[in-house]
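**Q** This is the structure I have questions about; it appears just below.
The values are calculated or read from the model by the stated rules, or taken from the named source; none is laboratory data. This structure is a prediction, so every number in the text was calculated from the model and none was measured. With ideal geometry, Cβ positions are generated from the backbone for all residues, glycine too; neighbour counts draw on all protein chains shown.
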Amino acid sequence: MANKSHNFIFKICLIGDPEVGKTSLMKRFVLDQYDGDYILTLGAKVMKKIVQIDHEGQNVNITLLLWDIMGQKHFKIIESVAFENVVGGLVVCDLTRKETFENLKYWIDAVWKISPGIPLIMLGNKSDLQEELAVSDEQIKKFSDKFTSTWYLTSAKTGDNVEEAFQKLAEYCLKGVGNE
Ligand code: G3D
Ligand code: MG
């Protein structure tokens with residue numbers, strides 16, 4: 001039907017080690033809507049942003065509910081709540097700290113255990129710190145080929161690739177829903 005509009009609500013999670021930039025990436029993406037407080041008992045914060053996608057000639061509005069977990073490993077109770085009904089995720093490492101890259105598989109296993117096979121995009125964040133890079137593009141690409149749909153080098157500081165990454169994730173999530 002012409003001009004028929006579709007609306008979706010997708011629960012998205014940002015995962016990765018502490019201090020990799022998850023909260024900063026959300027803040028950069030959501031911009032002036034950044035006023036959420038952590039739900040401290042849950043150890044998570046939820047923010048909302050609507051993105052528009054052109055899907056098969058139709059304009060689709062997608063409400064992203066972004067779940068930012070405070071991100072200590074082994075918070076089993078929080079993970080089960082935060083990762084339930086998640087339709088896609090951003091797995092984030094800090095390009096200046098190699099161990100945060102090596103821990104990505106832990107986070108992927110944790111989210112797939114609760115929401116199996118959902119699309120994930122890998123982010124190598126803090127790309128602005130060019131002098132301090134400890135992870136190469138090749139390493140990221142190789143890891144992404146195995147476990148995630150695609151990857152971006154981002155900077156929450158400059159905003160580089162942030163919008164693109166969230167937008168792409170919304171597209172992957174929409175495809176996933178269409179395949180069900
Ligand atoms: P987290 O939510 O994953 O724990 P935060 O990470 O968003 O709290 O960010 C951790 C620190 O990294 C913060 O520093 C933040 O400013 C910084 N940071 C996040 N993203 C970037 C980035 O893209 N580039 C640079 N240079 N720094 C970034 P502070 O000092 O404020 O604690
Ligand atoms: Mg945080």
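**Q** Please find, among 144, 127, the residue that is crowded, with 18+ Cβ neighbours inside 10 Å and assigned to a loop (DSSP other than H, G, I, E, B).
**A** Values: 144 fails: assigned to a loop (DSSP other than H, G, I, E, B).
Of the residues listed, the single one that is crowded, with 18+ Cβ neighbours inside 10 Å and assigned to a loop (DSSP other than H, G, I, E, B) is 127.
**Q** If you scan region 38-57, which residues turn out to be modelled with pLDDT under 85, more than 16 Å from ligand 1 (Cβ to nearest atom) and surrounded by fewer than 13 Cβ atoms within 10 Å (Cβ to Cβ)?
**A** Passing the criteria: 41, 56.
**Q** So, of the residues in region 12-31 that are out of contact with any Phe, Trp or Tyr (no Cβ under 8 Å at 6 or more places or on another chain), within 22 Å of residue 81 (Cβ to Cβ) and assigned to a helix (DSSP H, G or I), which turns out to be modelled with the lowest pLDDT?
**A** So, considering only residues that are out of contact with any Phe, Trp or Tyr (no Cβ under 8 Å at 6 or more places or on another chain), within 22 Å of residue 81 (Cβ to Cβ) and assigned to a helix (DSSP H, G or I), the one modelled with the lowest pLDDT is 30.
**Q** Just wondering, is there one or more residues in region 145-158 that are within 16 Å of ligand 2 (Cβ to nearest atom), modelled with pLDDT under 95 and out of contact with any helix residue (DSSP H, G or I) (no Cβ under 9 Å at 6 or more places or on another chain)?
**A** No: region 145-158 contains no residue that is within 16 Å of ligand 2 (Cβ to nearest atom), modelled with pLDDT under 95 and out of contact with any helix residue (DSSP H, G or I) (no Cβ under 9 Å at 6 or more places or on another chain).
**Q** List the residue pairs whose Cβ atoms are under 9 Å apart, where the first residue sits in region 58-76 and is outside any strand (DSSP E or B) and surrounded by 13 or more Cβ atoms within 10 Å (Cβ to Cβ), the second is at pLDDT 65 or above and of a type in the set (Gly, Ala, Ser), and the two are 6 or more positions apart or on different chains.
**A** 70/43; 70/44; 71/16; 71/43; 75/43; 75/82
**Q** When you look at residue 100, is it in contact with a Ser or Thr (Cβ under 8 Å, 6 or more places away or on another chain), under 19 Å from residue 26 (Cβ atoms) and within 16 Å of ligand 2 (Cβ to nearest atom), yes or no? Give the steps one after another, and end with the answer.
**A** On the way: in contact with a Ser or Thr (Cβ under 8 Å, 6 or more places away or on another chain): no; under 19 Å from residue 26 (Cβ atoms): yes; within 16 Å of ligand 2 (Cβ to nearest atom): yes.
Here the answer is no, as residue 100 does not meet what is asked.
**Q** Taking the conditions exactly as written (of a type in the set (A, V, I, L, M), within 15 Å of ligand 1 (Cβ to nearest atom), touching a helix residue (DSSP H, G or I) at 6+ places or on another chain (Cβ under 7 Å) and assigned to a loop (DSSP other than H, G, I, E, B)), does residue 91 satisfy them or not? Give the derivation first.
**A** Values: of a type in the set (A, V, I, L, M): yes; within 15 Å of ligand 1 (Cβ to nearest atom): yes; touching a helix residue (DSSP H, G or I) at 6+ places or on another chain (Cβ under 7 Å): yes; assigned to a loop (DSSP other than H, G, I, E, B): no.
Here the answer is no, as residue 91 does not meet what is asked.
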